[in-house]
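Right, one structure below, let's go through it.
Rule-based calculations on the coordinates, nothing more; no lab input. Note that the structure is a prediction, hence the values are computed from the model and not measured. All Cβ positions, glycine included, derive from the backbone under ideal geometry; neighbour counts span all protein chains shown.
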Amino acid sequence: MTAPSPRAPSPAPLVLVHGLLDTPRVFDGLRRALAGRKDPLLIPQLPLRLGRTPVMEAAQLLGGHIEAAFGREQAIDLLGFSMGGVIARAWIQLLGGHPRTRRFFSVGSPQQGTITARPWPGALFAGIADLRADSPLLQRLNGDLETLLRIDCRSFYSGIDLVVLPSWRAVLPVGSRRMLPVWTHPQLLRDPAAIRPLAEQLLQS
């Protein structure tokens with residue numbers, strides 16, 4: 001886990017949640033673009049075990065990291081990439097994270113499910129199975145949007161994702177939506193054309 005930076009805090013600390021096959025280093029480009037202006041910054045390492053960890057279990061771990069770093073009441077901004085966006089959303093909607101979440105940024109996350117999750121056996125890969133469009137988890141999240149409506153939600157996605165299929169499912173059912181000028185899923189956090197607008201959004205007051 002990357003510990004919060006000792007620099008002077010911004011109005012709301014930023015928490016970044018990585019995706020299925022990622023580590024906190026997936027955010028290195030975004031961190032450089034932020035240049036310390038969103039510190040303190042928390043990027044927890046979540047043991048997703050190649051998709052075997054259920055999303056709710058990962059969300060509970062995320063909540064523990066947030067509470068350990070910032071206590072129980074500090075308002076935060078939260079960004080989730082890929083599966084990390086669904087994990088973050090589960091924490092917000094189902095584990096009591098909504099009162100302290102100021103802004104939620106979903107980047108390339110299968111918030112409406114993805115066809116690529118369907119072939120994986122749920123008995124072995126519970127986390128991936130949670131990303132199916134008809135999964136009980138996504139049905140529960142999309143069936144009650146009251147808590148999300150209280151938060152500034154922003155979705156970002158790529159034109160031809162190939163990880164989230166179809167790519168238009170990589171958006172939240174509420175809030176603004178923006179297609180970034182990149183084509184593939186990895187480019188969302190690697191290409192400067194995507195990183196620049198993400199950093200600009202995160203640095204807004």
Contour excess over end-to-end distance, with Cα ends at Leu21 and Asp144 and 0.36 nm allotted per residue: 41.4 nm
Relative contact order of the chain, pairs being alpha-carbon contacts under 8 Å that are 6 or more residues apart, as %: 20 percent
Cα→Cβ-extended label distance, 7 Å offset, between Leu95 and Gln45, nm: 1.8 nm
Among [x] 50, 32, 25; [y] 29, 21, 14; [z] 24, 19, 16, the entry derived from the coordinates for semi-axes √(5λ) of the Cα gyration tensor in Å: [z]
Under Karplus coefficients 6.51, -1.76 and 1.60, residue-wise ³J(HN,Hα) of region 180-191 in Hz, glycine/proline x: 7, x, 9, 9, 10, 4, x, 5, 4, 10, 10, 8
Kyte-Doolittle mean at least 0.5, axial Cα span of 20 Å or more - DSSP H helices of the chain: 55-70
Antiparallel %, DSSP beta bridges [both residues in the chain], to 5: 5 percent
Linear extension gain, Ser176 paired with Ala123, 0.36 nm per residue minus alpha-carbon span: 15.6 nm
